[in-house]
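As structure tokens, the structure follows; a few thoughts come after it.
Quick note: the coordinates plus some simple rules give every number you see, no bench work behind them. What you are looking at is a predicted structure, and each value in this text was computed from that prediction instead of being measured. Don't worry about glycine lacking a Cβ; one is built from the backbone with ideal geometry, like all the others, and counts go over all protein chains shown.
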Amino acid sequence: MAERDTQVDGTTMPELLVDFITSLDGYGAAEGWPGWWGLQGPDYMAWLGDRPEADYTVLMGANTYRLMSGLAAEGEPGTDALAGLSKVVFSTTLQEPLAWPNTRLVSQDAVEVVRDMKDEGANHMTTMGSLTLCRSLLKAGLVDRFRVVVFPVITGSTGSDRIYDGYPDVGLDMINSRTFDGRIELLEYVPRVLAGPPGTNTAET
């Protein structure tokens with residue numbers, strides 16, 4: 001699916017996509033399980049290789065940077081394509097120079113920086129992992145598209161990185177869905193941060 005253009009005063013603004021893979025119970029990873037919970041199939045892997053956001057700037061926090069740059073340095077399959085992408089890492093603990101090619105370190109507040117990037121007409125952006133960063137961007141109302149790819153496992157005993165803890169109430173308007181390999185579900189939404197449950201006197205933000 002092509003990126004969703006956001007119009008403000010007749011001007012097309014860069015899109016911000018928050019992108020997750022999860023177990024059915026909302027975990028981003030699970031101890032002892034292989035990547036993709038061992039369930040990646042040819043349809044899903046082909047989509048990963050051909051997805052339209054390949055030219056988006058990738059946003060991440062320090063923990064995700066350390067993990068992914070380490071995997072890339074070790075030659076982990078699938079990470080080589082990330083080297084050529086434009087990447088921004090938000091951190092006050094990392095120091096330059098960063099070893100991963102095409103990565104810019106930003107120590108300022110991520111919400112303000114991303115808001116400025118959108119206002120200035122920067123490239124479209126997508127997140128990688130980085131639960132705290134994604135939560136902050138969503139709360140600030142900066143996210144244009146929210147995508148989750150759900151793998152058919154429940155990792156109640158071994159799951160880690162609960163994705164939705166600390167989120168506000170959010171309404172989700174579905175714009176796309178797809179099934180890969182007969183078992184993996186892609187769900188794509190336009191998010192609306194809510195001030196309270198629907199039907200109350202509180203208004204949407």
note = One would report the antiparallel percent of DSSP beta bridges in the chain, rounded to the nearest 5, as 50
inquiry  = Give the residue list of GluC sites (Glu not before Pro) in the stretch 41-144 that are DSSP loop and have at most 15 other beta-carbon atoms within 10 angstrom.
reply    = E74, E120
key: Calculated [θ] (222 nm, deg cm²/dmol) that DSSP helices of n ≥ 4 give over the chain, each run adding -39,500 (n - 2.57)   = -5500 deg cm²/dmol
message = Only Cα pairs within less than 10 Å get springs; with that Gaussian network setup on the chain, which residue of W47, W36, W100 has the largest fluctuation?
response = W47
Per-peptide average of other Cβ atoms within 10 Å, ordering 155-161, 91-97 highest first = 155-161, 91-97
ask   = Which of the following values of percent of Cα pairs over 26 Å apart was calculated from the structure shown: [x] 45; [y] 36; [z] 56?
value = [y]
request  = Note down the relative contact order for the stretch 47-180 as a percent, whole number, built from C-alpha pairs under 8 angstrom at least six residues apart.
outcome  = 25
